[in-house]
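I have placed the structure first, in the form of C-alpha cells, so that the comments after it can refer back to it.
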Amino acid sequence: PRLRCARPEASIAVRAAMLAPRCLVANSRRRAGAQCLGTRWCGAVGHESNRLEDLLHTAATDRAELKSQLKAQGDVNRQRTEMLLKSLQAAELDRAELRNELASLTRDFDHLAHKFKDETVGSRERVQRKGIKGRGAQSRMAYRPSIEYAEKQPTHVCELSHQSLAELAMLNDHCAIRERLLREVMAVDHISWGQAHEVLNTFDRYNEKFYWFETLPYRIGITLAFVGGIASAFMVFEPTVAEWYGVNIAGEELPEGVESIDEMTINQVGTWTWSWMEPMIGTASFVLLCAQFTRAQASKMNMKTYSDRILGWRADRLSQAFPQYDSSMVRAWAKHLPKVGYDFFPNYEANFRQKGPASGL
C-alpha cells in the first residue's frame, strides 16, 4: 500500500510484473485453445470438403450416366420416329395401292355384272311389239344377238371355263374330259397347251399295247355277224349255194317235178330252203335276243358288262403308269376307245390335221 500510494508508476510496474506470468499462461492457454479449435475446424472442414468432393464426383458420374441414358433414349426415339415415318409412308403407299385395286375391282365387277346381265335371259332389254296390248309373252319380241355378241361365242372347247368343262365332264362328254386332262398336264409339267397334246399322244401309244386284245371280241363279233348275214342270205335265196347246202349238208332233195335248180325262181328257192334254214336262223335270232335281254337287265341292275370291265381295267392301268397326274381325270379320259375306220384300225388324235378334235362343240 505504501508503494501504491508513494509511486503509482512502480505499483503499476509491479502489478504488471506480477500479472505478466498469468497473462502469459492465459495467452498460452488461449493460443492452445485456439490451436485446438483450429485443428478441430480444419478437420471438420476437411471432412466436409471430402464429403463434398465425393458428392460432386457422384453427381458428375450420375450426370454422365444420365447424359448417356438420355442420348441412348434420344437415339431410340429417333429410330422409332424414323420407323414410324417409314411405316406411315409404307401405309400411305399401301393405301394408294389398295385404292387403285379397289377401283380396278369395282370396274371389273361392273363389267362382270353387265356381262352377267347380258347373258341372263330374264335381264335382257324388253322389246314391245307394235300394236299388241299388255305385257305378256306374246307382246314382246324375241331377243336377237348383236354382231359384237356373235363375234365372242366360243368356237373350241378350250375356250370354255373350268366350271363349264366340269359340268360337261359330269355328263360324260369326252371333249370336255379331254380338255380337263390337257389342263392337268399343263399344270403338272408346266408346258403349253400345244405341248400337252404330245403327252396325250404318249397315253395313246401306251394304250395301244393292249388295244387289239381288248377289242378282239368286238372284231370277231362284227366279222361273224357280217359273214353270217351275207351267208344266210345266199343260203336261202342263191340257187347254186342253196342247192349245194341243201343236198350235201342238209340232205334234202329238190322239190317234186323239179329236175334242175335253174327251173326255180328266187322266191321258190327261198320257200324250198326255208324248211331247214328257219330253225337255224330262228335259233340264232332267239339266242341274240336272249343275250340282248340279259345285257339290258344287267344294265338296269347297274351290273358291269364286258365293255365296262375292259374300260375300267384300261383306265386303272393308265392311271398307275402315270401317277403324277390326277387319277380321276386320267381314268375318265381312258374310258373311251378311239374311233375306228372301216379297216378296223384306230384313228388316234395324233393322226388328225389339227391337234385334237376339230372343235368339240
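The values are calculated or read from the model by the stated rules, or taken from the named source; none is laboratory data. Just so it is clear, the model here is predicted, and its values are computed rather than measured. Methodologically, a virtual Cβ is constructed for each residue, glycine included, from the backbone with ideal geometry; neighbour enumeration extends over all protein chains shown. We work out accessible area using only protein heavy atoms, side chains counted, and drop any ligands, DNA or RNA first. Shrake-Rupley method; radii C 1.70, N 1.55, O 1.52, S 1.80 Å.
Quick notes on this one:
- Restricting the first member to the range 223-248 and to residues that are surrounded by 11 or more Cβ atoms within 10 Å (Cβ to Cβ), and the second to residues that are hydroxyl-bearing (S, T, Y) and in a helix (DSSP H, G or I), the beta-carbon pairs closer than 7 Å and six or more apart or on different chains are M235/Y245; M235/T273; V236/T273; A242/T273; G246/T273.
- Matching residues in the range 309-318 - criterion: being in contact with a helix residue (DSSP H, G or I) (Cβ under 6 Å, 6 or more places away or on another chain) and under 15 Å from D204 (Cβ atoms): R314, A315, L318
- When restricted to residues that are modelled with pLDDT under 85 and acidic (D, E), the range 87-121 contains 2.
- Being farther than 20 Å from F344 by Cα and of a type in the set (K, R) is not true of R205.
- Within the range 263-313, the residues that satisfy the criterion of being outside any helix (DSSP H, G or I) and open to solvent by less than 90 Å² (accessible area, probe 1.4 Å) are M264, T265, T305.
- The single residue among E208, E179, E167 that is buried (at least 18 other Cβ atoms within 10 Å of the Cβ) and acidic (D, E) turns out to be E179.
- Looking across the range 314-324 at every residue that is in contact (Cβ under 8 Å) with a residue 24 or more places away in the chain and open to solvent by 20 Å² or more (accessible area, probe 1.4 Å), the one that is farthest from E214 (Cα to Cα) is identified as Q324.
- When W193 is tested against (1) under 14 Å from M329 (Cβ atoms); (2) at pLDDT below 95; (3) open to solvent by 30 Å² or more (accessible area, probe 1.4 Å), just one condition goes unmet, and that condition is (1).
- Residues that are within 16 Å of E278 (Cα to Cα) and assigned to a helix (DSSP H, G or I) within the range 228-240 comprise G228, G229, I230, A231, S232, A233, F234, M235, V236, F237, listed in sequence order.
- Condition check for S146: polar (S, T, N, Q) and touching a Lys or Arg at 6+ places or on another chain (Cβ under 6 Å): no
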